[in-house]
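Participant: Here it is, the structure in full.
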Amino acid sequence: KAIKFFLVLITLAITFTTCSENDPSEMLPPDENIPQPTLVGYPNGLPNVKAIGAGGGSITSLDGRMTIDIPEGALSTDTEISIQPITNYAPNGNGNAYQLGPEGIKFNKPVKLIFGYTQDISPTMPALTGIAFQGPDAIWYSPGKFIWDTDKKTVSTETTHFSGWATFDVLAIGCNDKKVGVNQSTECLIYALSTDLSEDEVTPLAKKNFLKNDFTPILKEWLLNGASASSMGLYGQVTPVTREFEAVCEYKAPPKVPKGKANVNLTAVLKDLLYKDPITKKIFKDLSLQTQIEIVGELKFELRINYLAKDVVSDVLVDSARMDLTLNDGIATFSNFQNYAGNILPQSKTYSSGCTVTWLVEGFPGPLHITAATALYASPSNELTIFFSGIEYLPGSTASCPKIPDLISPAQSTPLSWPLPLKFNLNEEIAIYQDPVLRATLIRLSAFGDDVLAM
């Protein structure tokens with residue numbers, strides 16, 4: 001069956017009715033409703049390219065999820081059409097986004113964009129997912145008119161231009177991380193899109209936190225695999241978090257990965273909330289939102305450390321190092337240490353006295369020469385403190401005149417204190433430590449999953 005789907009009633013105050021007399025939009029900070037530009041997605045798979053001419057044709061992304069149908073007469077000449085999967089930065093985006101090319105092309109007539117989905121959408125369930133494109137201002141916009149085919153499990157729209165296109169959820173659970181290590185925690189909250197989308201009207205999308213506070217009747221409970229999990233169990237624990245303007249929970253993974261089931265379903269059950277389908281006029285209640293979290297026995301990270309020191313004269317000393325880190329049950333293991341050569345810029349300079357001083361940087365190990373590392377993991381706060389041992393090598397120098405007595409390197413101006421303690425918050429996908437001379441970046445080697453709407 002094909003179902004026409006118009007996002008006419010997206011704003012919560014309009015789309016959903018509750019027992020409350022309060023206007024939800026009045027409970028949010030005003031800037032939450034302002035559409036914001038996002039990053040442009042980076043390639044997340046191989047592109048597919050196909051020459052299509054005036055006779056029309058179709059092309060499908062190599063991951064099989066997105067198809068472009070070009071009717072006869074939409075193109076005047078043979079044109080190379082491309083679909084490149086990219087990361088999806090659309091508000092409440094789900095799955096890959098796709099960069100369509102050639103960008104900026106104008107068609108003589110509309111072409112159809114078709115997205116596949118895996119959600120169990122049917123005529124008995126509201127279709128709360130739409131399609132959006134990223135404009136030249138980096139803000140995401142929705143054309144407002146979609147067609148759902150529940151037999152083929154696709155949602156489609158029409159366009160006369162190419163850019164970045166993606167699908168999004170009207171309501172979704174967003175978690176700081178969809179891969180959570182044993183004994184580690186992540187926060188999850190409900191997001192809603194705030195905008196007025198009308199049939200055949202292009203409108204911007206803005207993501208805001210779903211309401212809690214005076215709107216508490218909306219959120220009934222959080223479930224794990226369909227059951228209450230207020231205390232630690234086989235699949236972890238879910239604890240509601242009281243926070244203004246947000247419906248939040250903290251998920252904590254169990255001490256061990258459950259045998260045969262590393263994925264758990266986190267569900268937010270909503271109550272006293274009605275959804276009226278704008279097409280069928282059918283009223284739905286007892287909605288629930290669902291997302292999947294993977295329990296990971298070990299977490300892998302890449303740690304990059306950059307050193308930069310300046311002296312009072314303007315010399316700049318740089319150095320860097322990297323390593324791999326594995327965290328398993330709170331125990332950190334380090335491997336693949338790489339200490340890069342240090343350098344001073346400029347490598348030589350002439351003083352007003354006519355004396356030229358040259359730093360000896362060839363083969364210079366640098367002040368950041370790490371020899372060993374240990375770590376201390378704090379489970380309640382999900383923080384990791386790393387202690388580095390090492391050697392601070394100082395550069396030598398030559399001078400065309402008797403050496404200047406007060407000549408010192410930038411490293412001597414800001415010496416390192418071994419062992420170096422660096423603290424990182426593992427709730428962040430990219431955790432950063434910074435002090436006057438060091439900037440360390442701990443990058444978690446994991447990816448976010450897609451949100452799923454359930455009922």
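Participant: Solvent-accessible area per residue for region 310-403 at a 1.4 Å probe radius, Å²? The partial results should precede the final answer.
Facilitator: Numbers: 4810 Å² over 94 residues.
Spelled out: the 1.4 Å probe surface of region 310-403, per residue, equals 51 Å².
Participant: Same structure again: Please compare each pair in K152/K179; K310/K349; K310/K423 to a cut-off of 20 Å on the Cα-Cα distance and tell me which ones are over it.
Facilitator: Details: K152/K179 31 Å; K310/K349 15 Å; K310/K423 24 Å.
Where the Cα-Cα span goes over 20 Å, the pairs concerned are K152/K179; K310/K423.
Participant: Given points 7 Å out from each Cα along the Cα-Cβ axis, report the E103 to T77 separation in nanometres with one decimal.
Facilitator: Taking the two extended label points, one gets 2.2 nm.
Participant: Something else: Figure the gain on full extension for K152 and E221 (residue separation times 0.36 nm, minus the Cα-Cα span) and round it to one decimal in nm. Write down the numbers at each step before the final one.
Facilitator: Working: separation 69, 0.36 × 69 = 24.84 nm, distance 3.33 nm.
Contour length minus the Cα-Cα distance gives 21.5 nm.
Participant: To continue, here is another question. Give me a comma-separated list of calculated 3J(HN,Hα) values for region 156-165, in order, Karplus coefficients 6.51, -1.76, 1.60 applied at θ = phi - 60°, integers in Hz, x for any Gly or Pro.
Facilitator: With the stated coefficients, region 156-165 comes to 9, 8, 10, 8, 10, 9, 10, 6, x, 10 Hz.
Participant: With a 1.4 Å probe and all protein chains kept in place, how do Y307, Y377, Y235 rank by accessible area, largest first?
Facilitator: Sorted descending by solvent-accessible area, the residues read Y235, Y377, Y307.
Participant: Run the quick spin-label model on D324 and A138: label points 7 Å from Cα toward the beta carbon, then report their separation in nm to one decimal.
Facilitator: According to this spin-label approximation, the distance is 3.3 nm.
Participant: Let me ask something additional. Starting at the first residue of region 81-89, write each ³J(HN,Hα) from the Karplus equation 6.51 cos²θ - 1.76 cosθ + 1.60 with θ = phi - 60°, in whole Hz, x for Gly and Pro.
Facilitator: So the J values, rounded to whole Hz, are 9, 10, 10, 10, x, 9, 5, 9, 9.
Participant: Right, something else. So for the pair T358, A51, with labels modelled 7 Å out along Cα→Cβ, what separation do we get in nm?
Facilitator: Reported label-point gap for T358 and A51 is 5.9 nm.
Participant: Compute, for S381, the solvent-accessible surface of its heavy atoms (probe 1.4 Å) with the complete set of protein chains present, and express it in square angstrom to the nearest 10.
Facilitator: That residue has around 50 Å² of solvent-accessible surface.
The values are calculated or read from the model by the stated rules, or taken from the named source; none is laboratory data. Owing to the predicted nature of the structure, the values given are computational and were not obtained by experimental measurement. In this analysis, Cβ positions are derived from the backbone assuming ideal geometry, glycine residues included, and neighbour counts consider all displayed protein chains. Only protein heavy atoms, including side chains, enter the accessible area calculation; ligands, DNA and RNA are left aside. Shrake-Rupley method; radii C 1.70, N 1.55, O 1.52, S 1.80 Å.
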